[in-house]
Amino acid sequence: MSEVLLSVKDLHTSFHTDSGEVQAVNGISFNVDRGEVLGIVGESGSGKSVSAYSIMQILANNGYIKSGEILFKGEDITKWSEKQMSEFRGKCCSIIFQDPMTSLNPVFTIGNQIEEAIRLHTDKKGDEVKARAKELLELVGINDPSKRLKQYPFEHSGGMRQRVMIAMALACEPDILIADEPTTALDVTIQAQILELMLDLQKKLGMAIIIVTHDLGVIADMCDTIIVMYGGRICERGTADEIFYNPKHEYTKGLLRSIPSINNMKKKLIPIAGSPINMLNMPNGCAFSARCDECMKICLEEIPQEIRINQDHLAACWMNIKEMTEAGKLPEEFKGELPQCLRLPEGMGKGGND
Amino acid sequence: MEKNRPLVEVEHLKEYFKVTDGFHKLTLKAVDDVSFSINAGETLGLVGESGCGKTTVGRTILRLYTPTAGTVRFDGEEVTAKNIGHMRKKMQMVFQDPYSSLDPRMTVEDIIGEPLDVHKLYDNRKDRRERILHLMELVGLNAEHARRYAHEFSGGQRQRIGIARALAVNPEFIVCDEPVSALDVSIQAQVINMFEELQDKLGVAYLFIAHDLLVVRHISKKIAVMYLGKMVEVADADEVSDHPLHPYTESLMSAVPIPDPKIARERHRIILEGDVPSPLHMPSGCPFRTRCRYATEKCAQEMPPLTDRGGEHFSACWNK
């Protein structure tokens, strides 16, 4: 039924810096189905934006995809030439950025910038282009589009600019829209407008959306599937309900305990101890081990593999593997794949978090 | 400490800025006739969209701006240009951006020590150092951090330095201007908890300015909602969130993204049309009428007063 549109396989993305190589993304794999709304959540430095930029191949000059595959409709786009990639961007996959104030060119009119996208990616000419630009502005709910097309970005408010960005991204009806913190710079009431618009357009045009954000509220509002990232790895993934009501990774659990929500208004928040991970100095084991309350010896030594909790849910936490081993429920295929897990019972035990 | 003693009383505060659009001289009414009070040891949350004047309110209370009209009374005494020097010993501020609000060329010790120097709050060097170390301990920083510079710290730790600096003079009241919005989600909770603990321990009152409504609701006893320089609703935190009266608050509350998929699916969002009007060209009467679904002719003529709708729930609307 669902068709896999984009498939990221064991992606590693690194940056060269003065202080050495920074591995921003450390082997992540995920699929995006047609028409799916996928949320990638994590704090700054978790590699969520870098994953998105890797798909578009718009990394900074010192960044590069070290290994892994990104399959779009079965073809590995990491091997494509720059020319093929510029075809891909816009036509197959578009991106909107966090800051609508800086992502538009201040010296060109809105019309000019939208028309550029249409001219580059379609065969439309002359008045057809203008008509399409107008149609796009109408689609994203901008009143009086003919007038707006002649205006410059500074004449628009933040919400309007984000709408223009979405219009540009949708110019060629891409299969995938990546939204990198699309509403972080906007006010609450404007944020609601933009989120509603994105869902609306998704239903109308049937594209897949990847939302990259740190805001669990936005994620809960929008997404079918959620990926939680920490330290460049995926900790947990599953349907929205599974992640929010049945979190299986200590980081996700901590995150949900630490944000104010309707249920814990009068209670004290339980923060995650410590500070965010330093990407230059990654631990050998689980990236979250240094801040985890339940940290065991094995967590410091080995990176946990993702295991299936149930049909809609995967998590990479030794706690689950421990619990499953103790209950004798460790999946058969998992044992075969990862023989080191059979050693688990000996290596386990409390301690080592000092 | 006696309860319910109004510590900060703001009456009919106005703050107008003279601006120009290149040709014309215009008046920007950043804060227009705002009155409220904050009790000792309590937290008032101030929410509203960007540009609604919430930061200006905070800064005007501390006389970082001279008010155009209206009075601010602190502990019964009016805050004026003359006495603000010693008043700032009781009123402090924590800023939004922990990256730009600390001097990069000063060590942590000097940053926290500066207010002590200004107000001459120590007897000798040893006393100064002890006080600084005590403050650092209070906000959860290690003593060995004292000789370091701000850039050596993470965002959450920098915000702690900013809070320690504000606490140095033993204030009774702190204006917190978006103190957690620059921090990561996992760090926010640490800082929010610290604000709450410090309040329990030291009895400071906060004016907590933020745009994240869930954070404000968590920390505040009362919440005030502003829209385009006017205060539109003030009430108990839960009351504002669960039973908003003003149409703007109503839509604001319904638009807050709630980190709970079931609630998110079931609730009904009230999406406001359009954008916030420019504060330079304010609509006549009620500033919200251009986006309000209840707006009538009366709204265009006169600004509704902020009146008590029972149980200390104030709202400024003709129709609701």
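Shown in residue order for the stretch A:189-205 are the 3J(HN,Hα) couplings computed by the Karplus curve 6.51 cos²θ - 1.76 cosθ + 1.60 at θ = phi - 60°: 5, 6, 4, 4, 4, 5, 4, 4, 4, 5, 5, 4, 5, 4, 5, 5, 9 Hz (x for Gly and Pro).
Measuring nothing but alpha carbons in chain B and taking Rh as the Kirkwood radius, the Rg to Rh ratio lands at 0.99. The equivalent ellipsoid of the stretch B:135-261 has semi-axes of 31, 16, 12 Å, largest first, where each one is the square root of 5 times an eigenvalue of the Cα gyration tensor. Take the alpha carbon gyration tensor of the stretch A:40-124, find the square roots of its eigenvalues, order them as a ≥ b ≥ c, and report rounded if a/c is under 1.5; if not, report prolate when a/b exceeds b/c, else oblate. Oblate, since a/c reaches 1.5 and b/c is not below a/b. Three principal axis extents of the stretch A:1-148 based on alpha-carbon atoms, in descending order, are 49, 43, 29 Å.
For the stretch B:90-144, the fraction of C-alpha pairs farther apart than 18 angstrom is 37 percent. For the stretch A:130-173, the spread of Cα positions along the three principal axes, ordered from largest to smallest, is 26, 18, 15 Å. Could you identify which residue out of A:Gly42, A:Gly254, A:Gly217 has the top mean-square fluctuation in a GNM of chain A using Cα springs shorter than 10 Å? Looking only at A:Gly42, A:Gly254, A:Gly217, the largest GNM fluctuation is found for A:Gly217.
Across the stretch B:1-75, Cα-Cα pairs farther apart than 22 Å form 29% of the total.
Our Cα-only numbers for the stretch B:254-294 put the radius of gyration and Dmax at 14.3, 41 Å. Binning all Cα-Cα separations of the protein assembly as shown at 10 Å, short to long from zero, yields these whole-percent fractions: 3, 14, 22, 25, 20, 12, 4, 0.
Equivalent ellipsoid of the stretch B:16-163: semi-axes from √(5λ) of the C-alpha gyration tensor, largest first, are 33, 20, 15 Å.
Between B:His24 and A:Asn112, the C-beta separation translates, for a Förster distance of 22 Å, into a calculated FRET efficiency of about 0.15.
The translational diffusion coefficient of chain A, from Stokes-Einstein at 25 °C and 0.890 mPa s with a Kirkwood hydrodynamic radius over alpha carbon pairs, comes to 113 µm²/s. Couplings for the stretch A:127-142, taken from phi via the Karplus curve 6.51 cos²θ - 1.76 cosθ + 1.60 with θ = phi - 60°, read 5, 4, 5, 4, 5, 5, 4, 5, 4, 5, 5, 4, 4, 8, x, 9 Hz in order; Gly and Pro are left as x.
Legend: Rg and Dmax of the stretch B:168-207, from Cα coordinates, 10.7, 30 Å. For chain B, a Gaussian network of Cα nodes joined below 10 Å ranks B:Tyr122, B:Tyr16, B:Tyr248 by mean-square fluctuation, and the top entry is B:Tyr122. List every residue whose amide H lies under 5 Å from the amide H of B:Ala210, counting only residues 5 or more places away in sequence or on a different chain, with H placed 1.01 Å from N in the peptide plane. Residues meeting the amide H criterion: B:Leu46, B:Glu178. Across the stretch A:197-307, C-alpha contacts under 8 Å between residues 6 or more apart give a mean separation that, scaled by the residue count, equals a relative contact order of 17 percent. When the Cα atoms of the stretch A:94-144 are aligned to their principal axes, the ranges along those axes come out at 30, 24, 22 Å in descending order.
The value obtained for the stretch A:1-73, namely the Cα convex hull volume divided by the number of residues, is 85 Å³ per residue.
Of all the options B:Leu102, B:Leu26, B:Leu228, the one that moves most in a Gaussian network model of chain B with Cα springs shorter than 10 angstrom is B:Leu26. What shape does the stretch B:32-75 have by the C-alpha gyration tensor, where a ≥ b ≥ c are the square roots of the eigenvalues, rounded means a/c under 1.5, and otherwise prolate means a/b greater than b/c and oblate the rest? Cα axes put the stretch B:32-75 in the oblate bin.
For the stretch A:164-189 versus the stretch B:75-137, the inter-centroid distance based on Cα atoms is 44 Å. Contact order for chain B, expressed relative to its length and based on alpha carbon pairs under 8 Å spaced 6+ residues apart, stands at 20 percent. Separation of the stretch A:281-298 from the stretch B:1-56 is 46 Å, based on Cα centroids. Between the helical axis of A:110-121 and the longest alpha-carbon principal axis of chain A there is an angle of about 70 degrees. In the calculated pair-distance distribution of the stretch A:135-236, the portion above 23 angstrom amounts to 30 percent of the Cα-Cα pairs. Taking amide H as placed 1.01 Å from N in the peptide plane, the amide H of B:Met93 sits under 5 Å from that of B:Val175, each at least 5 places away or on another chain.
By its C-alpha gyration tensor, with a ≥ b ≥ c as the square roots of the eigenvalues, how is the stretch A:207-312 shaped: rounded for a/c under 1.5, else prolate for a/b larger than b/c, else oblate? Oblate, since a/c reaches 1.5 and b/c is not below a/b. In a fully extended conformation the segment linking B:Thr296 and B:Leu64 would gain 79.7 nm over its present Cα-Cα distance, using 0.36 nm per residue. I want to verify the translational diffusion coefficient of the stretch A:276-331 in µm²/s; compute it with Stokes-Einstein, Rh as the Kirkwood radius over Cα pairs, at 37 °C and 0.692 mPa s. Rounded to a whole number, D works out at 271 µm²/s.
With contacts taken as Cα pairs under 8 Å at a separation of at least 6 residues, the stretch A:168-218 carries a relative contact order of 53 percent.
Over the stretch B:196-320, the Kirkwood radius and the radius of gyration, each from Cα atoms, give a ratio Rg/Rh of 1.00. The angle separating the long axis of helix B:125-138 from the principal Cα axis of greatest extent in chain B is about 50 degrees.
Computed from the coordinates by the stated procedures, all read-outs in this text should not be read as laboratory data. Remember, it's a predicted structure, so these values are computed and weren't measured experimentally. When we count neighbours, we look across all protein chains shown, and the Cβ atoms used for this are built from the backbone with ideal geometry, even at glycine.
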